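Accompanying notes for the structure given below.
Throughout, read-outs are computed from the coordinates displayed, never taken from laboratory work. For clarity, every value in this text was computed on a predicted model and none was experimentally measured. A quick note on method: Cβ atoms are made from the backbone with ideal geometry, for glycine too, and the neighbour counts reach across all protein chains shown.
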Amino acid sequence: MIPIVLEDVFREEWGRVLASLVGFLGDFDRAEEAAQEAFAAAVRHWPVAGTPDKPGAWLVTTARNRAIDRIRRERTRAEKIHLLAIQEPTMDPFDDTAIKDERLELIFTCCHPALPLEGQVALTLRALGGLETAEIARAFLVSEETMKRRLTRAKAKIKATGIRFAVPDAHRLPDRLDAVLAVLYLIYNEGYRGRVDLAAEAIRLGRVLAGLMPGEPEAYGLLALMTIHHARRRARFSGERDEDLVLLDDQDRSLWDLRQIDEGQAVLDMALAMGGRGAYVVQAAIASLQARRRVDWPQVARLYGRLFELTGSPVVELNHAVAIAQSGRPADALRIVDGLGLDGYLYYHSTRADLLRRLGRPAEARAAYRRALGLATSTPERRFLSGRLEQL
C-alpha cells in the first residue's frame with residue numbers, strides 16, 4: 001500500500017510525468033509502463049532515502065532511463081531501431097527547470113475530436129488525473145473490463161491515425177479548446193450528481209488547464225463555475241443517508257464552503273478582466289449571483305437570456321424560465337416552458353409541475369410530477385418528486 005503522502009505526490013505529478021514521457025517516446029503504452037516503473041521505484045526508495053526536493057524531476061528522469069533501458073533490450077526488433085537515437089538525459093536529475101511541461105499537449109491529445117467522447121473522458125482521467133482504470137469504471141458505473149477496452153481503443157486510435165502530440169495551430173485552437181472544456185465539464189457533472197471525488201478531480205484538472213492557458217478566459221470561467229458549484233455540495237442533499245435533494249432556496253447556507261466561493265469569485269474576476277464573455281464565463285457569473293445571500297433573480301434571468309443567445313440550448317432556456325419565475329413571473333415562465341420540445345427530459349416536467357403548482361393548477365401539476373417521476377433515475381430525485389406529489 002502506498003503511503004498517503006506519496007500517494008498525494010503521485011496524483012499531483014502523474015500527469016506531468018506521463019506527458020513528458022508521451023512526448024519523449026511518442027507512445028502511450030510505453031509511456032505508461034515507464035511511468036509506473038518510476039513510481040514503483042519511488043515507493044521503494046523514497047521511504048528510505050527521503051522524498052527528493054523536486055519529485056517530479058526525479059520521476060521523469062527515472063522513467064526516461066527505464067524506457068531507454070527497455071528499448072535497448074528490444075533493439076532486435078526492427079520497428080524500434082529509430083528510437084535508439086534517443087540519448088539518456090544529461091540534465092541534473094533534480095533540476096525540473098530542464099523538463100518541459102507538456103501537459104497541455106497531453107490534454108489536447110486526449111480530447112482530440114477523432115476520439116469518441118467516452119474515450120476522451122476516460123483517457124483524460126487516466127492520463128491527466130492519474131486515476132486507475134478501476135476508479136474510472138466505478139465512477140461511470142461500467143465494468144473495469146469495459147473501461148479497459150475504452151482506454152485501449154482510444155490509445156490505438158491515436159497511434160493508428162497519427163494524432164499529433166501538440167497544441168493545435170492557432171486557427172484550430174478555439175474549436176479544440178471547446179472540446180477540452182466540454183470533457184472537463186462532463187467529468188464535473190458526473191461528480192455533481194453525487195460522485196464528489198470525480199467533481200473534485202474535474203476541478204483539479206480545471207486548475208491545471210487554466211494554469212497552462214493563462215490567456216484563455218473560458219478556461220478560467222469553467223474553473224470558476226465548477227468551484228462555486230462545488231462549494232455548495234454539502235447543502236445539496238440532506239437526510240440520514242443524504243438521499244433528500246435540497247433546492248437552492250431551501251439549502252442550509254452554513255454548510256456552504258465560503259472560502260471556496262471566494263476562490264471561485266476571484267477566478268471569475270480574472271476571466272472578466274480578460275474580457276471573457278463566453279458561455280462558461282456567463283454560467284460562472286450566474287453561479288456567483290446564486291451564491292449571494294439575496295439572489296438578484298432579474299439579473300440571473302438576463303444572464304440566462306444571454307447564455308441562450310450564445311448556445312441556443314433548450315435546457316438553458318428552461319433555466320431562463322426558472323429565473324423568470326423566481327423573479328415573480330411564473331405565468332411568463334410557463335409560456336416559455338410550454339414552447340420547449342423537451343418531453344423526455346426529467347427537469348422539463350418537474351419545472352413545469354412547479355410552475356403549475358404556483359399558478360394554482362394542482363391537477364395538471366400532479367400529472368407533470370408523475371411524468372417527471374417516471375423519468376427519474378436516482379434515489380434523491382425520486383424522493384424529492386414523491387415528496388412534491390404528497391404535498392399536492
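Taking R0 as 41 Å, what FRET efficiency do you get between Leu342 and Arg70 from their Cβ-Cβ distance, rounded to the nearest 0.05? Calculated value: 0.15. The modelled label-to-label distance for the pair Arg277/Arg358, using points 7 Å beyond Cα in the direction of Cβ, is 2.9 nm. According to the square roots a ≥ b ≥ c of the eigenvalues of the Cα gyration tensor, what is the shape class of region 276-373, taking rounded for a/c under 1.5, prolate for a/b larger than b/c otherwise, and oblate for the remainder? The shape class here is prolate. In plain terms, the chain from Ser143 to Leu6 could stretch by 46.5 nm, reckoned as 0.36 nm per residue minus the Cα-Cα distance.
For the chain, what does the helix formula give at 222 nm: sum of -39500 (n - 2.57) over DSSP H segments with n ≥ 4, over the residue count, nearest 500 deg cm²/dmol? Could you put the intermediate results ahead of the total?
On the way: 18 runs with 263 residues, N = 392.
Only helices count here, giving -22000 deg cm²/dmol.
FRET efficiency for the pair Leu392 and Asp169, taken as 1/(1 + (r/R0)^6) with r the Cβ-Cβ distance and R0 = 56 Å, rounds to 0.45. Whole angstrom only: what separates the Cα centroid of region 154-170 from the Cα centroid of region 254-298? Distance between centres, Cα-based: 35 Å. Applying a DSSP loop filter and a limit of 13 other Cβ atoms within 10 Å to the trypsin sites (Lys or Arg not before Pro) in region 294-392 leaves Arg294. Only the Cβ atoms of Lys and Arg (+1) and of Asp and Glu (-1) were treated as charged; on that basis the dipole of the chain about its Cα centre amounts to roughly 880 debye. Taken along the Cα-to-beta-carbon direction at a fixed 7 Å, the label points for Arg153 and Arg370 span 4.0 nm. Per residue, the Cα convex hull of the chain amounts to 171 Å³.
A Gaussian network model of the chain, with springs between Cα atoms under 10 Å, assigns the largest mean-square fluctuation among Thr351, Thr161, Thr124 to Thr161.
Our summary gives region 105-311 a relative contact order of 16 percent, counting only alpha carbon pairs under 8 angstrom and 6 or more residues apart. The count of lysine pairs in the chain whose Cα atoms are under 21 Å apart, excluding pairs fewer than 8 places apart on the same chain, comes to 6.
For Leu340, the amide hydrogen comes within under 5 Å of no other amide hydrogen, counting only partners 5 or more places away or on other chains and with H modelled in the peptide plane.
With contacts taken as Cα pairs under 8 Å at a separation of at least 6 residues, the chain carries a relative contact order of 10 percent.
Taking each residue as 0.36 nm, the span from Leu247 to Ala40 lengthens on full extension beyond its C-alpha to C-alpha distance by 69.9 nm. If eta is 1.002 mPa s and T is 20 °C, what Stokes-Einstein diffusion coefficient results for region 315-370, Kirkwood Rh from Cα pairs, in µm²/s? Diffusion coefficient, whole number: 198 µm²/s. Alpha-carbon geometry of region 104-254: the Rg and the Dmax are 16.7, 53 Å, given in that order.
For Ile68, Ile203, what's the fewest-to-most ordering of other Cβ within 10 Å of each Cβ?
Ascending number of Cβ neighbours within 10 Å: Ile68, Ile203.
Look at Ser313, Ser350, Ser327 and count the other Cβ atoms within 10 Å of each Cβ; fewest to most, that gives Ser313, Ser327, Ser350. A Förster distance of 45 Å, applied to the separation of the beta-carbon atoms of Ala160 and Thr51, puts the FRET efficiency at 0.70. By the beta-carbon count within 10 Å of each Cβ, the least crowded to most crowded order of Val282, Val337, Val295, Val43, fewest first, is Val43, Val295, Val282, Val337.
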